[in-house]
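Written out below as structure tokens is the structure these notes cover.
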Amino acid sequence: MSQLAMTTQPVFRFAPSPNGRLHLGHALSALLNDRMARKAGGTFLLRIEDIDQTRARPEFEAGIIEDLHWLGLDWPEPPRRQSERLPAYRAALDRLSRMGLVYPSILSRGEIRAAVTKAEAETGEPWPRDPDGAPLYPGRERDLSSPARARLTEGSKPFAWRLDMARAVEAAGGPLMWNETGEGHECEAGTIEADPAAWGDVVLSRSDAPSSYHLSVTVDDAEQGVTHVVRGRDLFYATSVHCLLQRLLELPEPVYHHHRLILGSDGRKLSKSNGDTAIAAYREAGMSADALRALVLGDQG
């Protein structure tokens, strides 16, 4: 356990993925984390979420650090990198496995779509979907025997380890809640009742990726002693899964603050592929750091 995790000092973190340049939405999240940490007399951490090594690039990590320093942000060095934390994620997955809460699944996205389309045609009823609109996993492999599961994981076809959601919710042993301090949309401040079952059997790890976002972020926040998770409203519903994993793994529960999103001209959430919203583009166009901070923060913070 880190020294931070053994204190009661408020700890905030900004955790971007190095798969592109930071945009205005990232600037808002980073600046809010830093401002709220300062107001609370706490610590602001930078974590590089480079678990997806097929997309992570050193030049993007360098760009992230350059952009954040230009905005006037500092953090304890070196920043945490998820690629250096693989044993911790494996240990968490193994613990859930020993509890009988994970199973290997082999259906590709195309196969899932085909199974869902067939089921909807046969029943005339819409297939259940998660809060992001993706169809829930059919769970065909959920009740396989141990030998059958072993054959799946030892074969050549890619597979994922999924959380058996129904069993996991039962193992949690009672209602799950989180403390929310954000406001607006569904994020009214107060105690929020978590609904992890809405996500179905979420992926925790893949044969080509050692951990999913859900698992790695939950483990890292606990190990780093993060007390306040400040992030965009697009992750509001995902918090239910993180609450469940915290309960199952006996991890501390941070306070959550889901802030507004900065939307593009088309009304959609900003994307790293949309280069004209990149922090670097504004800097290269001559905008000062003070002006960009004012642009994204507005009355926030």
Exercise for review: Would you point out the residue of the range 13-48, among those that are among the basic types (Lys, Arg) and within 17 Å of the chain's Cα centre (by Cα), that is surrounded by the most Cβ atoms within 10 Å (Cβ to Cβ)?
Suggested key: 13
Check your understanding: Do any residues in the range 94-121 that are without any contact (Cβ under 8 Å) to a residue 60 or more places away in the chain have Cβ atoms under 9 Å from those of residues that are outside any helix (DSSP H, G or I) and among the hydroxyl-bearing types (Ser, Thr, Tyr), where the two are at least six apart or on different chains, and which pairs are they?
Key -> 104/207; 107/137; 112/137
Check your understanding: Can you tell me how many residues in the range 224-252 are over 15 Å from the mean Cα position of the chain (by Cα), on the phi < 0 side of the Ramachandran plot and surrounded by fewer than 19 Cβ atoms within 10 Å (Cβ to Cβ)?
Key -> 3
Practice item. Within the range 5-37, count every residue that is outside any loop (DSSP other than H, G, I, E, B) and not charged (D, E, K, R). Key: 18
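Those residues that are outside any loop (DSSP other than H, G, I, E, B) and of a type outside the set (S, T, N, Q), I need them from the range 135-150; list them, please.
Of the residues in the range 135-150, the ones outside any loop (DSSP other than H, G, I, E, B) are 135, 146-150.
If the condition is that a residue be outside any loop (DSSP other than H, G, I, E, B) and of a type outside the set (S, T, N, Q), then 135, 147, 148, 149, 150 are the ones that fit.
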Check your understanding: Can you name every residue in the range 197-223 that is more than 30 Å from residue 157 (Cα to Cα) and surrounded by fewer than 21 Cβ atoms within 10 Å (Cβ to Cβ)?
Key -> 223
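Please work out which residue is farthest from residue 236 (Cα to Cα), limiting yourself to the range 141-151 and to residues that are of a type in the set (D, E, K, R) and surrounded by fewer than 13 Cβ atoms within 10 Å (Cβ to Cβ).
Step one: filter the range 141-151 for residues of a type in the set (D, E, K, R), giving 141-143, 149, 151.
This time we only want the ones that are surrounded by fewer than 13 Cβ atoms within 10 Å (Cβ to Cβ), so: 143, 151.
Details: 143: 31, 151: 37 Å.
So, considering only residues that are of a type in the set (D, E, K, R) and surrounded by fewer than 13 Cβ atoms within 10 Å (Cβ to Cβ), the one farthest from residue 236 (Cα to Cα) is 151.
Answer yes or no as to whether residue 183 is modelled with pLDDT under 90 and either loosely packed, with under 14 Cβ neighbours inside 10 Å or small (Gly, Ala, Ser) (or both). Even if it seems obvious, please write down each step before you answer.
Values: modelled with pLDDT under 90: yes; either loosely packed, with under 14 Cβ neighbours inside 10 Å or small (Gly, Ala, Ser) (or both): yes.
Yes: the conditions hold for residue 183.
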Review point. Here are some residues: 168, 160. Which one is crowded, with 20+ Cβ neighbours inside 10 Å, farther than 27 Å from residue 78 by Cα and in contact with a strand residue (DSSP E or B) (Cβ under 6 Å, 6 or more places away or on another chain)?
Key: 160
Review point. How many residues, within the range 113-140, are touching a strand residue (DSSP E or B) at 6+ places or on another chain (Cβ under 8 Å) and modelled with pLDDT of 95 or more?
Key: 7
Check your understanding: Under 7 Å by Cβ, and 6 or more places apart or on different chains, what pairs join a residue from the range 272-301 that is closer than 14 Å to residue 26 by Cβ with one that is of a type in the set (D, E, K, R) and modelled with pLDDT of 95 or more?
Key -> 279/67; 280/67
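Name the residue that is surrounded by the fewest Cβ atoms within 10 Å (Cβ to Cβ), counting only residues in the range 102-136 that are more than 23 Å from the chain's Cα centre (by Cα) and aliphatic (A, V, I, L, M). So that I can check it myself, show each step before the final result.
Applying the first criterion (more than 23 Å from the chain's Cα centre (by Cα)) to the range 102-136 yields 110-111, 113-127.
Next, from what is left, pick out any that are aliphatic (A, V, I, L, M): 114-116, 119, 121.
Details: 114: 12, 115: 16, 116: 19, 119: 14, 121: 8.
Ranking the qualifying residues of the range 102-136, first place goes to 121.
Considering only residues of the range 52-98 that are within 30 Å of residue 149 (Cβ to Cβ) and of a type in the set (Asp, Glu), which is surrounded by the most Cβ atoms within 10 Å (Cβ to Cβ)? Give the steps one after another, and end with the answer.
Taking the range 52-98 as the starting set, the residues that turn out to be within 30 Å of residue 149 (Cβ to Cβ) are 52-55, 82-98.
In the following step, the residues that additionally are of a type in the set (Asp, Glu) were identified as 52, 84, 94.
Details: 52: 17, 84: 11, 94: 11.
Per the criteria, the residue is 52.
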Check your understanding: Given (1) buried (at least 20 other Cβ atoms within 10 Å of the Cβ); (2) farther than 24 Å from residue 10 by Cβ; (3) of a type in the set (Gly, Ala, Ser); (4) in contact with a helix residue (DSSP H, G or I) (Cβ under 7 Å, 6 or more places away or on another chain), where does residue 194 come up short, assuming only one miss?
Key -> (2)
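Looking at the structure I just gave you, is residue 68 modelled with pLDDT of 95 or more, under 18 Å from the mean Cα position of the chain (by Cα) and either farther than 30 Å from residue 142 by Cβ or in a helix (DSSP H, G or I) (or both)?
Details: modelled with pLDDT of 95 or more: yes; under 18 Å from the mean Cα position of the chain (by Cα): no; either farther than 30 Å from residue 142 by Cβ or in a helix (DSSP H, G or I) (or both): yes.
Answer is no for this residue.
The values are calculated or read from the model by the stated rules, or taken from the named source; none is laboratory data. Remember, predicted model here, so these are calculated numbers, not experimental data. So basically every Cβ, Gly included, is an ideal-geometry build from the backbone, and we count neighbours across all protein chains shown.
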